[in-house]
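Novice: Let me give you the structure first, and then I'll get to my questions.
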Amino acid sequence: MTDLNIIIGGPQGGGIESAGQIAVKSLVLKGYNILGSREYHSNIMGAHSYYHLRAKEDKPGSLTLPVDALLALDAETVLTHYREVRPGGIVVYDPAVKATRVDSIQPMAPPLKERVKKDLESRGLPTTAEGALKAMESEGVKLVGLPLKAMLRKVSEEAKAPIASVSKTVNTLGLSAMLYMLGVEPGYIEKAISLQFAGKEKVIRMNVAAARIAVEYVREVYGEPEVLPDGPHKGKVRMVASGNDLVAMGKIVAGVGFLSYYPITPSSDEALYLERHKYVKLDDGMAEKVGYDRLSVVAVQMEDELASINAAIGAALAGARSSTTTSGPGYSLMNEGISLAVEAEVPIVVTLWMRAGPSTGMPTRTGQQDLLHSIFSGHGDAPKIVIASGDHVEAFYDAIKAFNWAEIFQSPVIHLLDKYLASAMASLDREELDLSKVVIDRGKLVDNPGEGYLRYKITEDGISPRARIGDAVMYMTGLEHTEDGKATEDPVAREQMMFKRERKMRKVLEVLPEEDKAVLYGDPDADVTLVSFGSTKGVILDAMKMLEGKGVKANFLQIRLLSPFPEDLVADILSSAKKVITVELNLMGQLAFLLRAHTGVKPDSQVIKVNGRPIYDYEVVEGVLKALDGAGRVVVSGGS
Amino acid sequence: MARSWLEYKAPAWVQWCPGCGDFGILNAIYRAVAELDIPPERLVVVGGIGCSGRTTFYVKGSNAHALHGRAIPMATGIKLARPELTVIVAGGDGDLLGIGGGHFVALGRRNVDITVILFDNAVYGLTKGQAAPTLPAWIKTKALTSPNIHDNVNPVLLAFSAGYTFVARGYAYHTSQLKELIKTAVRHKGASFIDVLQPCPTYNNVMTNKWYEERIYYVGEDYDPIIRTREDFKEKLPAIMEKLLEFGDRIPLGILYWDQTKDSFEERLEKIMPGYMQAPPGTRRISVDGRPIVDPFEVFKDRVIVT
Ligand SMILES: Cc1ncc(C[n+]2csc(CCOP(=O)(O)OP(=O)(O)O)c2C)c(N)n1
Ligand SMILES: [Mg+2]
């Protein structure tokens, strides 16, 4: 069984992302499933960034530490990650960085410098990159030095291009050397390079030359490595996409017509990917069926998030499937708009990519701190739908379901995801994005409302027939209103509308299938039940297997629908749980709070992580073991 | 005249104070849309929050009432989803230039085909008379505890610099002149703006009907605000700037600036996505027999890998 874990690190702007993607593609071509995510600073150039990757035969649910191989494209990477490589693993580095002192590295965070110096000093090692390399070596890590400067000169000769123009291939040099040492045949690396830079022939040529030079060098110095066996997923048509990509894909499949946004990490890449595909040519057969041959999505960068949400509301009123995408700070600005969408019963989808707060916090780091923020967003008793996706596949389908629910229940739907899922890439099979499972349901949308149309007609399920703006004389408003949408402060009419909106949320709980509310994984009779939501899903599923190896039988309750909260279902499942441990990436224990509020179940322990890094499988294991030892709250803190 | 203005009078009690300038604006809107023969269900009046925003409920249309300050983005979403509709924004000076000032500017940059009617009473009517962004400094209206020490913004100059392609000023009590301005603004393909001076008899006891009557005048036949070419712009700019800046002892009314050279936002969208207008997002079909019309493995080829 292959379980390959890699970190590729270097300065931001130094091609870390593309090296990571080439690694991802090489391993996918080789037949593996991959999971890879980028950790980076809120900075354009120079700060430390790294790509963290895992490849397995089955689906990796979690990234993990320590890794098998570290590619360090600068001294800071060596000094940041030297404690994250397993004995027997390798580090690929440039010997030229050896003499670099911790104190001389400007971008390196001062608290990290202090921690590293203390550690190296305590081992009697110099506080330089060389010290860190020695520390690794003494723990059985193999050092693979690459004279990058000399190699670049060779690339320049080979590609017949000046050094300056080939200097960007330094990431490919390092990456190819590392992948080759890990047993990936050069053919895969070269093919991945061509895929990565498709359409840019010159860039491909330069990088392929670099790959060959690197492979040749390590073969000469370290000999032929043992070939990594091929994975089981060869000969397939697969997709490799990030969470951002998959949400954008889901939206387009769902028929989104309008997307408004204001740039903010980590939502911008979703908008960017959607914009890249906002204009789709339909095949002739389809064009005939729908009556047009070019599908165009109006994607507009607005002046702020206030505009984004209100423009999305406008487009939804006019009949478009309409959405906006943002992160915590932007969502704060959208709050009043959410409340309007509740009161005026507007079907909009708001994609909320959580990042580490409060305030601007750590813009490029992950967290699950906006659970309560999303549920309680909007002033004045504003019930809404909140769904959290656990992984890439769910992110795709949820993006589609969100539009269906928005239109069926005429309500804002908040699709909750996080930075980790946003930037994490995963390999997917065709069956996993199966359109036969997808329906487009527009609820009570009417094309010909006719005379006497009432936008807010009182009905048994609380849902009124919905006409588009432009098809009937009508009034839509955020003021309390009568059935015809005219403003009112009449106490009886007011109450009717309050309960109408409440009935819609009841209906949500009535009609949604259980799999969209809460899902129990594993043996119902387990000794301990882990409860979580969002992107911790894969991590917990992986950790369950590891726990089993340690003799702990755990199951996992994933809460999918956070609002309206499926309290009966969750209470029922938890009633037979022997021990309840929540796992979440926030300080307040926001999910634990909801469990108590809705089911009266007080978790026995909480495992939390708030350092802005994703949670890893071994941390869940560690947390659960400590919790079983009686700890009330376990804080896990892994990652660089 | 194809339709009677009465067809646009919604059955509702109009809640404004007696003598309010808003009545004049409402009447001008009724008459303009009647003369333009816009079917009520194709007319969209998007109101802000304030006395003025209530216009939403008084005009028969397919209307939406926005949050305070957010009428313009809401109208933008509506118009871009269904570009065939006539979209009019009705809002106060607090709404459009105070809390919604950023959107006011952004609409000019986009030149979306929307008509913005500013109910300019220089006070916050609905919240009982606080100073609005158009109240000149040192005026003390009756709800203020001391004279206003904020300078006033010049709405027509702001609209011009933001990129609105039609900029005019009207007077609330001059219904028939205002009606003509509204008609021209609605017909114009692009972002149009009318600053309507609107006495608030309840809270603005300084800028009264009399105060305005002493100052307002209509620009004459000799004033040419129309830009047909870029050369035109250079040539006419000095005279246009003079009119846009004039606000004091004399206040010009009428069309102050009209740029006919620019594409609307919808036309720009059509340029980058031909076919958009024919199958706009609000009305196009998005499924066949309840199934999606695009397959991710066909459309998102940049993420597909054959192993
Ligand atoms: C976010 C928000 N802040 C404050 C208010 C309270 N408010 C209602 S109307 C208004 C001002 C109205 O003034 P203006 O826009 O000039 O309209 P007018 O009443 O003068 O026509 C304010 C501040 C609100 N509704 N929403
Ligand atoms: Mg006002």
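The values are calculated or read from the model by the stated rules, or taken from the named source; none is laboratory data. A quick note: this is a predicted structure, and the numbers were derived from the prediction, not measured. Here the Cβ is made from the backbone with ideal geometry for all residues, glycine too, and neighbour counts use every protein chain on show.
Novice: Taking the conditions exactly as written (within 8 Å of ligand 1 (Cβ to nearest atom) and either under 16 Å from the mean Cα position of the chain (by Cα) or assigned to a helix (DSSP H, G or I) (or both)), does B:Asp113 satisfy them or not?
Specialist: For B:Asp113, the condition - within 8 Å of ligand 1 (Cβ to nearest atom) and either under 16 Å from the mean Cα position of the chain (by Cα) or assigned to a helix (DSSP H, G or I) (or both) - is not met.
Novice: A follow-up question, please. When you go through B:Thr202, B:Thr208 one by one, which is the residue that is farther than 15 Å from B:Thr165 by Cα and crowded, with 19+ Cβ neighbours inside 10 Å? Spell out the reasoning first.
Specialist: On the way: B:Thr208 fails: crowded, with 19+ Cβ neighbours inside 10 Å.
Only one candidate qualifies: B:Thr202.
Novice: Scan segment A:295-347 for residues that are of a type in the set (S, T, N, Q), surrounded by fewer than 24 Cβ atoms within 10 Å (Cβ to Cβ) and out of contact with any Ser or Thr (no Cβ under 6 Å at 6 or more places or on another chain) and jot them down.
Specialist: A:Ser296, A:Gln301, A:Ser332, A:Ser339
Novice: Now, a different point. Those residues that are within 9 Å of ligand 1 (Cβ to nearest atom) and either more than 23 Å from B:Leu181 (Cβ to Cβ) or at pLDDT below 95 (or both), I need them from segment B:130-160; list them, please.
Specialist: Answer for segment B:130-160, where residues must be within 9 Å of ligand 1 (Cβ to nearest atom) and either more than 23 Å from B:Leu181 (Cβ to Cβ) or at pLDDT below 95 (or both): just B:Gln130.
Novice: Follow-up. Step by step: first the residues of segment A:557-596, then only those that are charged (D, E, K, R) and over 23 Å from A:Arg506 (Cβ atoms), then the one that is farthest from the chain's Cα centre (by Cα). Which residue is that?
Specialist: So, considering only residues that are charged (D, E, K, R) and over 23 Å from A:Arg506 (Cβ atoms), the one farthest from the chain's Cα centre (by Cα) is A:Lys578.
Novice: Output the residues belonging to segment B:33-74 that are part of a helix (DSSP H, G or I), free of Cβ contacts under 8 Å to residues at least 40 places away in the same chain and hydrophobic (A, V, I, L, M, F, W, C).
Specialist: B:Ala34, B:Ala71, B:Met74
Novice: Ok, one more. Identify, from the list A:Gln496, A:Gln558, the residue that is under 30 Å from A:Gly314 (Cα atoms) and not in a loop (DSSP other than H, G, I, E, B). Working first, answer last.
Specialist: On the way: A:Gln558 fails: under 30 Å from A:Gly314 (Cα atoms).
After applying the criteria, what remains is A:Gln496.
Novice: Enumerate the pairs (first residue in segment B:114-129 and within 14 Å of another protein chain (Cβ to nearest Cβ); second residue anywhere and near ligand 1 (Cβ under 8 Å from one of its atoms)) with beta-carbon separation below 6 Å, excluding pairs fewer than 6 apart on the same chain, so at least 6 apart or on different chains.
Specialist: Pairs found: B:Leu126/B:Gly50; B:Leu126/B:Cys51.
Novice: State yes or no: is B:Gly48 in contact with an Asp or Glu (Cβ under 7 Å, 6 or more places away or on another chain), at the interface with chain A (Cβ under 8 Å from one of its Cβ atoms) and within 16 Å of ligand 2 (Cβ to nearest atom)?
Specialist: No: the conditions fail for B:Gly48.
This table checks each residue for (1) within 14 Å of another protein chain (Cβ to nearest Cβ); (2) in a helix (DSSP H, G or I).
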residue	(1), (2)
B:Gly94	no, yes
B:Arg109	yes, yes
B:Ile149	no, no
B:Phe160	no, yes
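Novice: Another question about this same structure. Name every residue in segment A:574-585 that is out of contact with any Asp or Glu (no Cβ under 7 Å at 6 or more places or on another chain) and either crowded, with 23+ Cβ neighbours inside 10 Å or charged (D, E, K, R) (or both), in order of residue number.
Specialist: Across segment A:574-585, the qualifying residues are A:Thr582, A:Val583, A:Glu584, A:Leu585.
Novice: In segment A:236-284, how many are among the β-branched types (Val, Ile, Thr) and either in a strand (DSSP E or B) or within 8 Å of chain B (Cβ to nearest Cβ) (or both)?
Specialist: The qualifying residues number 6.
Novice: Continuing with this model, one more query. Here are B:Asp95, B:Asp113, B:Asp37: which of them is within 16 Å of ligand 2 (Cβ to nearest atom), among the acidic types (Asp, Glu) and more than 16 Å from A:Tyr475 (Cβ to Cβ)?
Specialist: Checking each option against the conditions leaves just B:Asp95.
Novice: Identify the single condition in (1) within 19 Å of the chain's Cα centre (by Cα); (2) surrounded by 16 or more Cβ atoms within 10 Å (Cβ to Cβ); (3) away from chain B (no Cβ under 11 Å) that A:Leu228 does not satisfy, given that it satisfies every other one.
Specialist: Every condition holds for A:Leu228 apart from (1).
Novice: Which condition number does B:Pro225 fail, the rest of (1) more than 14 Å from chain A (Cβ to nearest Cβ); (2) within 30 Å of A:Gly314 (Cα to Cα); (3) not β-branched (Val, Ile, Thr) being met?
Specialist: With respect to (1) more than 14 Å from chain A (Cβ to nearest Cβ); (2) within 30 Å of A:Gly314 (Cα to Cα); (3) not β-branched (Val, Ile, Thr), B:Pro225 is out only on (2).
Novice: Can I ask one more? Taking the conditions exactly as written (in a helix (DSSP H, G or I), within 15 Å of ligand 2 (Cβ to nearest atom) and crowded, with 24+ Cβ neighbours inside 10 Å), does B:Phe104 satisfy them or not?
Specialist: Considered against the rule, which asks whether it is in a helix (DSSP H, G or I), within 15 Å of ligand 2 (Cβ to nearest atom) and crowded, with 24+ Cβ neighbours inside 10 Å, B:Phe104 comes out as yes.
Novice: Go over the candidates B:Ala34, B:Ala75 one by one and state the one that is surrounded by fewer than 24 Cβ atoms within 10 Å (Cβ to Cβ), among the hydrophobic types (A, V, I, L, M, F, W, C) and away from ligand 1 (no atom under 13 Å from the Cβ).
Specialist: Just one listed residue meets the conditions, B:Ala34.
Novice: When you check B:Ala137 against the structure, is it of a type in the set (A, V, I, L, M), more than 14 Å from every other protein chain (Cβ to nearest Cβ) and within 12 Å of ligand 2 (Cβ to nearest atom), yes or no?
Specialist: no
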